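Novice: Got a structure for you, questions after.
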Amino acid sequence: MSNLNEITLKPKKEESLRRFHPWVFSGAIARKPDSVEEGEVVKVLANDGSFLGVGHYQIGSISVRMLSFKDEAIDAGFYERRLSKAYNMRTEIGLVRPDNNTYRLVHGEGDNLPGLIIDMYGNTAVIQAHSVGMHEDRSLIVEALRKVIPADVLQNIFYKSEGTLPFKADIEPEDTYLFGGESADAVAVENGLKFNIDWLRGQKTGFFVDQRENRSLLEKYAQGRKALNMFCYTGGFSVYALRGGAAQVDSVDSSSKAVLLTDENVKLNFGVEPRHRSFSEDAFHFLKNTEKDAYDLIVLDPPAFAKHRGAINNALQGYRKLNLAALEKIASGGVLFTFSCSQVISKEQFRLAVFSAAAISGRSVRILHQLTQPADHLVSIYHPEGEYLKGLVLYVE
Ligand code: SAH
């Protein structure tokens, strides 16, 4: 370990690291060697020279993403230990089952692997690197993954870096199989429902795994209701609503490709389904033209309105406007599932935006459930920034 470049922090800046917070901000650094390169593993020292941990160096406001607070080598063995913890945990809590082979295996900081995301879809793992260090370690990660997951389960590993690496990184995006590639399961299964997952062309790793439990909850409210799934993407909520006995389900997304994916997934589970209709249309436009009382179950799961702190105010206005549009149209006795996946918006801020919408609508609005991300998107108690998904289920009269 002695050959690693060393980064020394300013006095007192070691405190958050001693409490296992995994980020070193650029302003906390007192000294670093000129030779340090983006992506390399560095040793982080307190101002008095004491050892704090090792991490990936990165250019930007987060300079080091900590991999370990022990003096250990970051090699295939390291990734094997971390991945095996991640896999065992998901297995122990009952997420890995024949009727559920879709789950997040690694959730960055939540699994003590900042910068790394791995989603499992049947016999395929899809890896996304969000740091140059993880990109450079991809072969080690593949090697470790193949040791941890039984060979009859893991037959393909797809690597996806398009759009995920910081823009300064001078790296060609790489979307390719690093293992297998011929035998990917045609469909992945989530709670017994089938989904076609397009990791090659889809958003993120191809599917929003983080809504699994919230979709299950929606299923319980679906019986006999007329549902609108706004921002449907691959139709997750629509398929659960149909299984839950909804009288009608309308899926809306501005992307025509998303609408096709939704139609495909509905067909995959139910064949020709007269209860389902889909529309490629802007959300605000669609809600404006919706008749009052047309729906008594509405899902609003928009993309992140704020991707950075500077966008928070506009985003909050966006959430207020969107929720108001739905609250003005939903039938009395209706249930509204409303979400925000913007990491920079707190659950209090989101709730306040929905409160403003409710107040403007003048309707009776009560909270039935407060939702978040599921257990495979776990949050380190030392890294509250890992919590990003917020949802409210509202009973509207
Ligand atoms: N609810 C989905 C995930 C939603 S992702 C799931 O459970 O899988 C957000 C989706 O919103 C994307 O598919 C995107 O195409 C769509 N979208 C973005 N802006 C939109 C707009 N103004 N109107 C309608 N859909 C929009």
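The values are calculated or read from the model by the stated rules, or taken from the named source; none is laboratory data. Nothing here was measured: the structure is a model prediction, and the numbers come from that model. Neighbour counts run over all protein chains shown; Cβ positions are idealised from the backbone, glycine included.
Novice: Hey, any hits in the range 242-251 for a residue that's touching a residue at least 60 places away in the same chain (Cβ under 8 Å) and either crowded, with 24+ Cβ neighbours inside 10 Å or within 9 Å of the ligand (Cβ to nearest atom) (or both)?
Specialist: The answer is no; no qualifying residue exists.
Novice: Something else now. Could you please tell me which pairs satisfy a Cβ distance under 9 Å, a separation of 6+ or placement on different chains, a first residue in the range 259-279 that is assigned by TED's automatic domain parsing to the domain that holds Ser238 and crowded, with 20+ Cβ neighbours inside 10 Å, and a second residue that is of a type in the set (Phe, Trp, Tyr) and assigned to a helix (DSSP H, G or I)?
Specialist: Filtered contacts from the range 259-279: His276/Phe270.
Novice: Do you know which residues across the range 351-361 are surrounded by fewer than 22 Cβ atoms within 10 Å (Cβ to Cβ) and either more than 21 Å from Tyr221 (Cβ to Cβ) or within 16 Å of the ligand (Cβ to nearest atom) (or both)?
Specialist: Those that are surrounded by fewer than 22 Cβ atoms within 10 Å (Cβ to Cβ) and either more than 21 Å from Tyr221 (Cβ to Cβ) or within 16 Å of the ligand (Cβ to nearest atom) (or both): Leu352, Phe355, Ser356, Ala359, Ile360.
Novice: Using beta carbons and a limit of 9 Å, which pairs, at least six apart or on different chains, have the first residue in the range 330-347 and assigned by TED's automatic domain parsing to the domain that holds Arg215 and at positive phi and the second one within 16 Å of the ligand (Cβ to nearest atom) and not in a loop (DSSP other than H, G, I, E, B)?
Specialist: Taking only residues 6 or more apart or on different chains, not a single pair turns up.
Novice: Do we find that Ser364 is crowded, with 22+ Cβ neighbours inside 10 Å, among the small types (Gly, Ala, Ser), in contact with a Phe, Trp or Tyr (Cβ under 9 Å, 6 or more places away or on another chain) and without any contact (Cβ under 8 Å) to a residue 60 or more places away in the chain in this structure?
Specialist: For Ser364, the condition - crowded, with 22+ Cβ neighbours inside 10 Å, among the small types (Gly, Ala, Ser), in contact with a Phe, Trp or Tyr (Cβ under 9 Å, 6 or more places away or on another chain) and without any contact (Cβ under 8 Å) to a residue 60 or more places away in the chain - is not met.
Novice: Only one residue in Asp137, Asp99, Asp71, Asp48 is of a type outside the set (Phe, Trp, Tyr) and buried (at least 23 other Cβ atoms within 10 Å of the Cβ). Which one?
Specialist: Answer to the check: Asp137.
Novice: Report whether or not Phe207 is within 16 Å of the ligand (Cβ to nearest atom), under 20 Å from the mean Cα position of the chain (by Cα) and in a loop (DSSP other than H, G, I, E, B).
Specialist: Details: within 16 Å of the ligand (Cβ to nearest atom): yes; under 20 Å from the mean Cα position of the chain (by Cα): yes; in a loop (DSSP other than H, G, I, E, B): yes.
In short, yes.
Novice: Here is a further query. In the range 155-176, which residues are buried (at least 18 other Cβ atoms within 10 Å of the Cβ) and either assigned to a strand (DSSP E or B) or modelled with pLDDT of 90 or more (or both)?
Specialist: Gln155, Asn156, Ile157, Phe158, Tyr159, Lys160
Novice: Among Tyr221, Tyr233, which is within 18 Å of Asp301 (Cα to Cα), hydroxyl-bearing (Ser, Thr, Tyr) and more than 15 Å from the ligand (Cβ to nearest atom)?
Specialist: Among Tyr221, Tyr233, only Tyr221 is within 18 Å of Asp301 (Cα to Cα), hydroxyl-bearing (Ser, Thr, Tyr) and more than 15 Å from the ligand (Cβ to nearest atom).
Novice: The conditions are (1) in a loop (DSSP other than H, G, I, E, B); (2) surrounded by 24 or more Cβ atoms within 10 Å (Cβ to Cβ); (3) touching an Asp or Glu at 6+ places or on another chain (Cβ under 7 Å), and Arg104 fails exactly one of them. Which is it?
Specialist: (1)
Novice: Please go through the range 306-323 and give me each residue that is more than 14 Å from Ala353 (Cα to Cα) and crowded, with 16+ Cβ neighbours inside 10 Å, ordered by number.
Specialist: If we filter the range 306-323 for residues that are more than 14 Å from Ala353 (Cα to Cα), which is where we start, we get 307-311.
Scanning the range 306-323 gives a single hit, Ala311.
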